[in-house]
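Engineer: My questions all concern the structure below.
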Amino acid sequence: MRGATPRAVRSRRQLGRSYFDPLVLAKIANMSVRARHVVEGLLSGMHKSPYRGHSVEFAEHREYVPGDEIRRIDWKAYGKFDRYFIKEYEEETNLRAYLLLDASASMDYAADESVLSKFDYAATLAASLAYLMLRQGDEVGLVTFNTEVQRYIPPRSGTRHLRELATHLESVQPHGETHLGPALRELAGKIRQRGLVIVISDFFDDPESVLRTLRSFRHRRHEVLVFQVLDRNELEFPFQRLTVFEDIEQASSRILSEPRSIRAAYLQQLQTFLGDYQRVCRRDAIDYHLFPTTTPLDVALTRYLARRQ
Amino acid sequence: MFGLMFLQPAFLLAGLAAGVPILIHLINRHRALVHRFPALRFLLMADRRTARKFRLYQLLLLALRVLAILLLALLLSQPRWGDEASAALALPPQATVVLVDNSFSMQFRDGQETRLERAKTLAGQLLDGIAAPDSAVVLPLVADDADTDAEPPLLGADAAALWDQMRAISASHAAVDIAAAVQRAIEILQASTAPRRRLMLLTDLTVHGWEGFRLSELPRVPEDLVVHVVRLGSPQRDANALISGVRVTEPPFIEQTPLDVTVWVRNHSDEPVRSLRVDLLLGGETVGQQLADLAADEEVAVPFRIVAPQAGLHWGEVRLQADAFTEDDRFYVALQTVAPARVLVVDGDPGTSLFDSETFYLLSALQPRGSLGSPLFHPKPLIWEGLEQERLSDYSVIVLCNVEALSPQVRQGLHQFVADGGGLIFFAGHQVDATRYNTLFYGSDTPLLPVALGEPVQQSEEAPVTLQLADNAHEAVAVFTGGAADMLTRSRFYRYFSVAEDEAAGADVLLSYDDGRPFLLERSLGRGRVLLFTSTADRDWTDLPTRTAYVPLMHSLVGYAAQLSKAAQRPQVFLPGPTSVRIQGSQEGGSLTILTPDGKELLSRFARQEGIIEAPVAEYTVPGIYRLSSSADTDYLAVNATRAESDFTKLQQADLQARWQPLSVILEEEAALGQQADGTALPGREIAGILLLSLVAVLMVENVCANRL
């Protein structure tokens, strides 16, 4: 395991204050995150759930049909209309969200010092989402992982919890190889209560293994959001000079290449990889979104949340 | 047997540079950047597809670059291929003298370049083919005087030295002396030990300069000399129109009077020329424009009439519509104009009426009569008593007509007036007493008379004397030379003063009576002139004032006394110099400053010769107006390009061969140089073109490969 480079540490320290930068969050605070498929819960906030929650709220009347419980008849309505109506309720429940953040070494990469590394970008994104949801009274949990789960912070609400999340995010040093499949399977066992699972990673792993695990979240009736974070160099491959490319996670793996000659083939491989993720996620009703680190964070969140609405 | 030879084998060493791309390739492999990259898996997958192709391209690129350098080295070494090349390798050393025709006709342009520039380019090609043990030297056909006197250059094979010799050649205005140039070349070749000798002449073959050349007349011509003439331009005569001369008439040029300018334009061509534009410029401003039609080989006079500018020195230029030989399409002229001369006519015997006065005829003769009414003279009559009140310096000429005597102050003033450049004229009369005059005007401390007067001579009414004009007439009476002399000799004289013969030696006799006694004498005094008429200005002693000759004679003499002759066209010369200039100097001598048209200022010192200095000048190298200045005077000199080379009639091959007898001349056209199998052309076939094409092809393929990588 390699430690974070000095550049990465310095970069995150500088960003520690900006994870909750009001300029970034002010734009998002007026938006609402609504789960599309979390329907079990009661309406107790802006996230409606078909499941039982803390409070009960009237939803609508419907005419009595044989088989309905007698105790659910609204006798006041019978007095007005001389007909039997059943009173139906919705429960408003707090959303329970799990932020799954990839902290492997591959995330510790930036095209140059003028841009955020992938991990910095992902951590800022996670912190922003956490702030948004905690402000609405939702519960937010955080999981950082590489080959396995590094730390699991259970979902809770409240501003004090936000501080705990931020402190952890600032302390994380990306390292180790990426094995999303086993890590996510381990998490799937821990997260029993249905909620919103947001996975933030570069997903540089075997797509089959990752997608299989994401499907298992869906089978447990979780809403799954996938944020794939990639660097500009990875997306565009703008190198010109003869270069030895060394794997950031395995120094032994390296290749001498003339970038201009290999660029087209590389981009084709990358597009195939990204295309597979998009296609499978769409098929399994998993909301997928690609964030290049050059995309301004607030713009990316605003654009995404508007789409979610 | 075919072979390959190199004219510049040293450049083959440049082929070693082929190792440079290989070195760069190896160094770059070790200097590759190391970049830690997360998405290596995609690179690995991509590399499986492209790695082999990439390496292949890299090797191909490397091979192409090495090949390009090798081809370039081959190209620079100027290889020649063929059996001639092999033969050349086996030939004994050869000494070559390249004579480049730099006569002025080589400034003719067939296109953008002059023939001289093309000749130098051809000479450069020939020099590139010279390599030890062969040797060469480059000479101009027309050598400067300095070159002629210098030691002849040595034969050599140093390309840089040969190129320097060639670059130093420039067009010359000097007369072409082909015999001298060939003699010089032969002497150089005879001093060489090389068994083979050749003379290469690059020329336009215009006939001028060839008239006096016969090889057989030169001493010691080597029999084995190979003569190779390369002709630049066509064998037919080239058309050329030129300005052959310009003349401005009639001097003196008085400001604001009309001037007639005649420009002679010549057509050196077998075809007529229509509507040829001729521009006349004065001080840079166009003052006239004419169109001229010229038949083949015709010269026409193109007239202009302009108004003389304000008094002073002026320069002008005539421009002909430009043709392929522009050097003779311009002609520079310089002229001086003056204001009308103020003449004070002093009457020593004023009559009761104007008609009876001594000065009646003279004043009538000097009155303005010009076609534009502009006067040549401004005469002012004065009775002798008023002379003391006049400021003499206001006048150019003072005429004393039958004046009895003058006060010492006036005599002193007149003496100073003449010394400062004024003109003084004495007319005799009944009030003139020889003894008194000699005392006042000849023997005094302020002498004015050219000679001492003798006793009056009286002729009878039946046998008066007349005038006679000497064959070599003085410039003051030059107007009567030729048929006009009769006008002068018809006048009759009944009385006149004789002069003391023994004292007349210092004076010029301008006109004499037919008995041999002088009628008109002149002597210079300081910067001025004094004229003495031994007879009267009116009809008292002669009928000259009633004769036709009187007016031109008075005009001519008063103008001479006023020194109006300078108000004429200023001297002009044709290149090359040297020439000499005359200019007014100071009494003590001085220096002459020459400002050339190209902005150089030249200073030469000279000795005084009676106030007029004459300096030889050899500084004229470019056509234009040269400004000459001394402490006392300023003048212009118009310098024009030589017209000797303006006729482009060509020497034909038969005539050329005849002039080179007993040797045989190889005549080759400029475009075909190097293609004759005569042993004088470069050996072997030129393969530079093939190499160049190959190099371009290799570079194009390299560029395509480099872009694909």
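Bear in mind that the values in this text are calculations on the coordinates, not laboratory data. The structure presented is a predicted model; accordingly, all values stated were derived computationally and were not measured. Virtual Cβ from ideal backbone geometry, glycine too; neighbours counted across all protein chains shown.
Engineer: Whose amide H sits under 5 Å from the amide H of A:Val224, counting only residues 5 or more places off or on another chain, with H placed in the peptide plane?
Structural biologist: A:Val197, A:Asp287
Engineer: Give the cross-link partners of B:Lys566 among the lysines, using a straight C-alpha distance below 18 Å as the criterion and excluding same-chain residues fewer than 8 apart.
Structural biologist: The reachable lysines, counting only those whose Cα sits under 18 Å from B:Lys566, number zero.
Engineer: Return the long-range amide H neighbours of B:Thr481 (sequence gap of 5 or more, or a different chain), with a cut-off of under 5 Å between placed amide H atoms.
Structural biologist: Answer set, sorted by chain and number: none.
Engineer: What are the trypsin sites (Lys or Arg not before Pro) within the stretch A:138-227 that DSSP puts in a loop, where the Cβ has at most 10 other Cβ atoms within 10 Å?
Structural biologist: Listed in order of number, the matching sites are A:Arg192.
Engineer: OK, next. Of all GluC sites (Glu not before Pro) in the stretch B:188-261, which ones are in loop regions per DSSP and have a Cβ with at most 14 other Cβ atoms within 10 Å?
Structural biologist: Of the GluC sites (Glu not before Pro), the ones in loops of the stretch B:188-261 whose Cβ has at most 14 other Cβ atoms within 10 Å are B:Glu211, B:Glu223.
Engineer: Mind running the shape call on the stretch B:341-566? Use the C-alpha gyration tensor, a ≥ b ≥ c as the square roots of the eigenvalues: rounded below 1.5 for a/c, prolate if a/b tops b/c, oblate otherwise.
Structural biologist: Because its axes are fairly even, with a/c under 1.5, the stretch B:341-566 counts as rounded.
Engineer: Could you give the length gained by full extension between B:Met700 and B:Ser565, i.e. 0.36 nm per residue of separation minus their alpha carbon distance, to one decimal place?
Structural biologist: Additional length available on full extension: 40.9 nm.
Engineer: Taking amide H positions as placed in the peptide plane 1.01 Å from N, state which residues far from B:Val457 in sequence (5 or more) or on other chains have amide H under 5 Å from it.
Structural biologist: B:Tyr496, B:Phe497, B:Ser498
Engineer: With everything on Cα atoms, drop me the angle between helix B:550-561 and the longest principal axis of chain B, reported from 0 to 90° to the nearest 10.
Structural biologist: The two axes meet at around 60 degrees.
Engineer: Grab the other residues whose beta carbon is less than 14 angstrom from that of B:Gln290, score K and R as +1, D and E as -1, and report the net.
Structural biologist: Local charge sum for B:Gln290: +1.
Engineer: Still on this structure: Kindly put B:Glu461, B:Glu669, B:Glu390 in sequence by how many other C-beta atoms sit within 10 Å of each C-beta, fewest to most.
Structural biologist: Sorted ascending by nearby Cβ count, the order is B:Glu461, B:Glu669, B:Glu390.
Engineer: Once Lys and Arg get +1 and Asp and Glu get -1 on their Cβ, which of B:Leu201, B:Gln416, B:Ala697 lies farthest toward the positive end of the dipole of chain B?
Structural biologist: Positive-most Cα among the choices belongs to B:Ala697.
Engineer: Quick check: the angle from helix B:408-419's long axis to the longest principal axis of chain B, C-alpha only, nearest 10 degrees?
Structural biologist: Compared with the principal axis, the helix lies near 20 degrees.
Engineer: Also: Based on other C-beta atoms within 10 Å, arrange B:Ile383, B:Ile186 from fewest to most.
Structural biologist: B:Ile383, B:Ile186
Engineer: Using Cα pairs under 8 angstrom and six or more residues apart, how large is the relative contact order of the stretch A:76-203, in percent?
Structural biologist: Reported as a whole number, the value is 35 percent.
Engineer: Which residues make up the longest stretch of chain B clear of chymotrypsin sites (Phe, Trp or Tyr not before Pro) that lie in a DSSP loop with no more than 14 other Cβ atoms within 10 Å, not counting the sites?
Structural biologist: B:356-709
Engineer: I've got another one for you. Rounding to the nearest 10 and keeping the result within 0 to 90°, find how far the Cα-based axis of helix B:178-190 lies from the longest principal axis of chain B.
Structural biologist: Once rounded, one gets 40 degrees.
Engineer: Each residue of the stretch B:384-397 in turn: what ³J(HN,Hα) in whole Hz from Karplus with 6.51, -1.76, 1.60 and θ = phi - 60°, glycine and Pro shown as x?
Structural biologist: Per residue, the Karplus-derived 3J(HN,Hα) values read 4, 5, x, 5, 5, 8, 7, 8, 5, 5, 6, 10, 8, 9 Hz.
Engineer: Which whole-Hz ³J(HN,Hα) couplings does the stretch A:258-267 yield from phi under the Karplus relation 6.51 cos²θ - 1.76 cosθ + 1.60, θ = phi - 60°, glycine and proline marked x?
Structural biologist: 8, x, 5, 7, 9, 4, 4, 5, 4, 5
Engineer: Further, regarding this structure: Averaged over B:451-462, how many beta carbons belonging to a partner chain fall within 10 Å of each residue's beta carbon?
Structural biologist: Mean shielding by partner chains, rounded to a whole number: 0.
Engineer: To make sure I understand, if each residue's beta carbon is the centre and we count other beta carbons within 10 Å, what order do B:Arg342, B:Arg220, A:Arg71 fall in, fewest to most?
Structural biologist: Final ranking by Cβ density, sparse to dense: A:Arg71, B:Arg220, B:Arg342.
Engineer: Quick check: residue separation of B:Asp433 and B:Asp420 times 0.36 nm, minus the Cα distance between them. What number comes out in nm?
Structural biologist: 1.9 nm
Engineer: Give me the lysines in straight-line cross-link reach of A:Lys190: C-alpha distance below 26 Å, same-chain residues under 8 apart excluded.
Structural biologist: A:Lys48
Engineer: Within 10 Å of each Cβ in A:228-241, how many Cβ atoms from other chains are there, averaged over the peptide?
Structural biologist: Shielding by partners across A:228-241 averages 2.
Engineer: Once both labels are modelled 7 Å past Cα along the beta-carbon direction, what's the B:Ala470-B:Arg274 spacing in nm?
Structural biologist: About 5.7 nm, to one decimal.
Engineer: Here's something else I'd like to know. Mind giving me the FRET efficiency for B:Arg167 and B:Thr193? R0 is 30 Å, r the Cβ-Cβ distance, nearest 0.05 is fine.
Structural biologist: Plugging the Cβ-Cβ distance into 1/(1 + (r/R0)^6) gives 0.60.
Engineer: Could you work out the relative contact order of chain B? I mean the mean sequence separation of Cα pairs under 8 Å and 6+ apart, divided by the number of residues, in percent.
Structural biologist: Across chain B, relative contact order equals 15 percent.
Engineer: What aspartates and glutamates does B:Lys600 reach when the alpha-carbon gap must be under 13 Å and sequence neighbours fewer than 8 apart in one chain are set aside?
Structural biologist: B:Glu619
Engineer: Please give the net charge around B:Ala95, taking every other residue with its beta carbon less than 9 angstrom from that of B:Ala95, where Lys and Arg add +1 and Asp and Glu add -1.
Structural biologist: +2
Engineer: While we're on this one: Taking every alpha carbon pair in the stretch B:240-337, what does the distance histogram look like in 5 angstrom bins from 0, in percent?
Structural biologist: Reading the bins upward from 0: 3, 14, 26, 24, 14, 10, 6, 3, 0.
Engineer: Partner chain Cβ atoms within 10 Å, averaged over the residues of A:263-275 - can you pull that number for me?
Structural biologist: Per-residue shielding by partner chains comes out at 4.
Engineer: Hey, another quick one. So if R0 is 41 Å, what FRET efficiency would A:Val149 and A:Glu60 give, r being the distance between their Cβ atoms, rounded to the nearest 0.05?
Structural biologist: FRET efficiency, A:Val149 to A:Glu60: 0.40.
Engineer: With θ set to phi - 60°, apply the Karplus curve 6.51 cos²θ - 1.76 cosθ + 1.60 along the stretch B:131-137 and write out the HN-Hα couplings as whole Hz, x wherever there is a Gly or Pro.
Structural biologist: Once rounded to whole Hz, the list reads 9, 4, x, 5, 9, 7, 8.
Engineer: If you don't mind, another one. Counting only the backbone N, which residues of the stretch B:54-68 are under 19 Å from the spot 7 Å out from the Cα of B:Leu16 toward its beta-carbon?
Structural biologist: Answer for the stretch B:54-68: B:66-68.
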